[in-house]
Amino acid sequence: MSNDSSQTAHGPEDGHEHGEVVTADNERRIRFVFIFTAGYAAVQAVGGWLSGSLALIADSGHMVSDAAALLLALIAYRVARRPVDGTRTYGFHRVRVLAALANGATLLLLVAWITWEAIQRINQPVEVMAGPMLIVATIGLFVNLMGVWILSRGKKGDSNLRGALLHVVGDLLGSVGAIAAAIGIMLTGWTILDPLLSVLVAILVVRSAWTLVTESIQVLLQAVPRGLDARKAEAELIELPEIAEAGHFHAWTLTDDTVVATLHVSPASGADPLALPALVARWLKDRYEIDHVTVQVDAPGQLQQAGNL
């Protein structure tokens, strides 16, 4: 093998197909929950108007925004289903990551709004009709429990589904808080319980929302997946008897739990260069669960020379 020769190949299970199959089951689950959420938001708005409860009307706005987020997730699934083409060889699956980012960012904005409203209501208490509030909040609890159950049984690796699930969990916590506030107001007459419990719900939601946002940004920045150290992976590859050098290792998340990697290796003395791509692909699959691997085989010493440039 000359110093200019190299070989580029994919792993044996790659098949040069990078498009992912959009899970129809996840899409169907989000569609059901969207219908429930939008329907309940309308019921809650009417109940708040009839009872004069500003808390219920405000929470109805929360539900409307969550319904919009679920609709965005459904649109993302439809776009992601489009096949790969000559321009977008990975398909449109990053749209799901964008939708997850939008969902997380929306949750953070909602947390900020809830906190602001809570402060306003602590300074200027609002009269709350606890009886109607309790009835509507209880209905919301059952609706959200059904939504969480439906979404939690979907494919766990789907960030788009996770974003939708976080929204529904936020609604569920909101329903629990509203029920607790309504019971507390009925027993004590302290209307301040409503904004205080709203702040508690916001604190519970913000951590999950922040995690979703940061993980989505990491994917979009093509950062190395969590639990994978590029330099450590190179060092481990060099320990294989067939490999003399390893370098230029890059790995990133394509979408959800699908990881793609590229790297250069040089064969050890007596090793078959043609066997290295399949060998490295299998090793990375077993060691780091990397799905798609592109391996370039360089002449011995070429990687070291490149590193000294």
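Conditions tested, residue by residue: (1) at pLDDT below 70; (2) open to solvent by 50 Å² or more (accessible area, probe 1.4 Å).
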position	(1), (2)
Val21	yes, yes
Leu54	yes, yes
Ala67	no, no
Leu70	no, no
Ile75	no, yes
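Among the residues here, Ala137 does not qualify as free of Cβ contacts under 8 Å to residues at least 24 places away in the same chain and aliphatic (A, V, I, L, M).
Working carefully through the options Ala182, Ala223, Ala244, Ala235, find the one that is assigned to a strand (DSSP E or B), modelled with pLDDT of 80 or more and not aromatic (Phe, Trp, Tyr). Going through Ala182, Ala223, Ala244, Ala235 in turn, the sole match is Ala244. Filter region 98-129 for residues that are closer than 20 Å to Trp190 by Cβ, open to solvent by 60 Å² or more (accessible area, probe 1.4 Å) and either in a helix (DSSP H, G or I) or touching a strand residue (DSSP E or B) at 6+ places or on another chain (Cβ under 8 Å) (or both) and give the result. Of everything in region 98-129, those that are closer than 20 Å to Trp190 by Cβ, open to solvent by 60 Å² or more (accessible area, probe 1.4 Å) and either in a helix (DSSP H, G or I) or touching a strand residue (DSSP E or B) at 6+ places or on another chain (Cβ under 8 Å) (or both) turn out to be Ile119, Gln120, Ile122, Asn123. Select from region 293-306 the residues that are farther than 11 Å from Val280 by Cα, buried (at least 20 other Cβ atoms within 10 Å of the Cβ) and at pLDDT 85 or above and list them in ascending order. Within region 293-306, Asp298 is the sole residue that qualifies.
Looking across region 263-307, the residues that are of a type in the set (D, E, K, R) and not in a strand (DSSP E or B) come down to Asp272, Arg282, Lys285, Asp286, Arg287, Glu289, Asp291. For region 178-203, what are the residues that are charged (D, E, K, R) and over 16 Å from Val126 (Cβ atoms)? None - no residue of region 178-203 is charged (D, E, K, R) and over 16 Å from Val126 (Cβ atoms), so the list stays empty. Taking every residue in region 217-241 that is in contact (Cβ under 8 Å) with a residue 40 or more places away in the chain and exposed (fewer than 10 other Cβ atoms within 10 Å of the Cβ) and pairing it with any residue that is β-branched (Val, Ile, Thr) and outside any loop (DSSP other than H, G, I, E, B), at least 6 positions away or on another chain, yields no pair with a Cβ-Cβ distance below 7 Å. Just to be sure, is Leu254 open to solvent by less than 50 Å² (accessible area, probe 1.4 Å) and in a loop (DSSP other than H, G, I, E, B)? So Leu254 fails the test. Among the candidates Ala105, Ala130, Ala137, Ala118, the residue that is under 30 Å from Trp252 (Cα atoms), of a type in the set (A, V, I, L, M) and touching a helix residue (DSSP H, G or I) at 6+ places or on another chain (Cβ under 7 Å) is uniquely Ala105.
The values are calculated or read from the model by the stated rules, or taken from the named source; none is laboratory data. From a predicted model like this one, the values you see are computed outputs, not experimental measurements. Here Cβ is always computed from backbone atoms with ideal geometry, including for glycine, and neighbour counts include all displayed protein chains. Heads up: the accessible areas ignore ligands, DNA and RNA and are worked out on the full protein's heavy atoms, side chains in. Shrake-Rupley method; radii C 1.70, N 1.55, O 1.52, S 1.80 Å.
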